[in-house]
1. By count of other Cβ within 10 Å, fewest leading, how are THR2, THR214 ordered?
2. Let me spell out the model: positive unit charges on the Cβ of Lys and Arg, negative unit charges on the Cβ of Asp and Glu, origin at the Cα centre of the stretch 82-206. What dipole size does that give, in debye rounded to 20?
3. Against the globular-protein guess of 2.2 N^0.38 Å, express the Cα radius of gyration of the stretch 82-206 as a ratio, rounded to two decimals.
4. Determine, for VAL120, VAL172, the number of other Cβ atoms within 10 Å of each Cβ, and report the residues in order from fewest to most.
5. Binned at 10 Å from 0, what are the whole-percent values of the Cα-Cα distance distribution for the stretch 69-155, short to long?
6. How would you rank LEU217, LEU173, going from fewest to most other Cβ atoms within 10 Å of each one's own Cβ?
7. Please state the charge dipole magnitude for the chain, taken about the Cα centre, from unit charges on C-beta atoms (+1 on K and R, -1 on D and E), reported in debye and rounded to the nearest 20.
8. Working from the pairwise distances between different alpha carbons, so that the mean of 1/r is found and then inverted, what is the chain's Kirkwood radius in Å?
Amino acid sequence: MTRNEQLVFCKKCTNRKMNPKVGLICSLTGEKATFNGECPDYNLDETKKGYSGVEDMELAPEEIKARLSMEDLEELRLEQNLPMGLIAGIITGLVGSLVWSGISIATLYQINYLAIGIGVAVGISIRYFGKGLDKIFGVSGALIALSSIVLGNVLTIIGLIGNEQNLSFFQVLLLMDFSYIPELLMETFDPRDLIFYGFALAMGYKFSFRQFSTNELDEYRRKKIQSS
């Protein structure tokens, strides 16, 4: 075993001890780890979030990749499912658009910060069903979030026109010349909207990736080592 593989066990063991000169050692032997496979003296410390009191932290996708071997990384990539992630993200974005537009039509006021919620919801859906680490998942989340926001605006415009003309939503759909939609979107656009939409895209990107904390990643590697 490599030193890094041994540390996956050592830093969660109650027998760990920090030596300033050599790093983490075993308090039973006073030496660095020498075991191969699994340490017979390993005892999981349930009270610590990390060795030496280090807090558990969420890792960015690039940090996850940097901490994994190529073999482990390829195994995680085999679990990726972009089509399922896209389907989940699109459905979530559509539902978010309908809810947002429904609230806007009912209140005659567009609550723009709800756009951020759509971005978060889209990203989480892609993360859960896609289990992605590659950049395509984040880009997909951002694009679906943006498309959902545009759709929400279009649905709001249609609903408001219906209210004004005393027509149902579906009557407006049948009668409307959709070539005017870009013009209507521009007329109702407020530059301040860009702040909320920018956050929505960022959330759609950020939350679309599979997440590991430092402890979760260590636990994944520990189980991999034990099963090999």
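Read-outs: derived from the displayed coordinates by stated rules, not from any lab. These figures come from a predicted structure and were not determined experimentally. Because the Cβ atoms are built from the backbone with ideal geometry, glycine has one as well, and the counts that use them run over all protein chains shown.
1. If I rank by nearby Cβ atoms, fewest first, I get THR2, THR214.
2. My answer is approximately 640 debye.
3. 1.10
4. Values: VAL120 21, VAL172 18.
Going from sparsest to densest Cβ surroundings: VAL172, VAL120.
5. 20, 43, 23, 11, 4, 1
6. Sorted ascending by nearby Cβ count, the order is LEU173, LEU217.
7. With only Lys, Arg, Asp and Glu charged at Cβ, the dipole is about 920 debye.
8. Working: mean 1/r = 0.0479 Å⁻¹.
Computed over Cα pairs of the chain, the Kirkwood hydrodynamic radius comes out at 20.9 Å.
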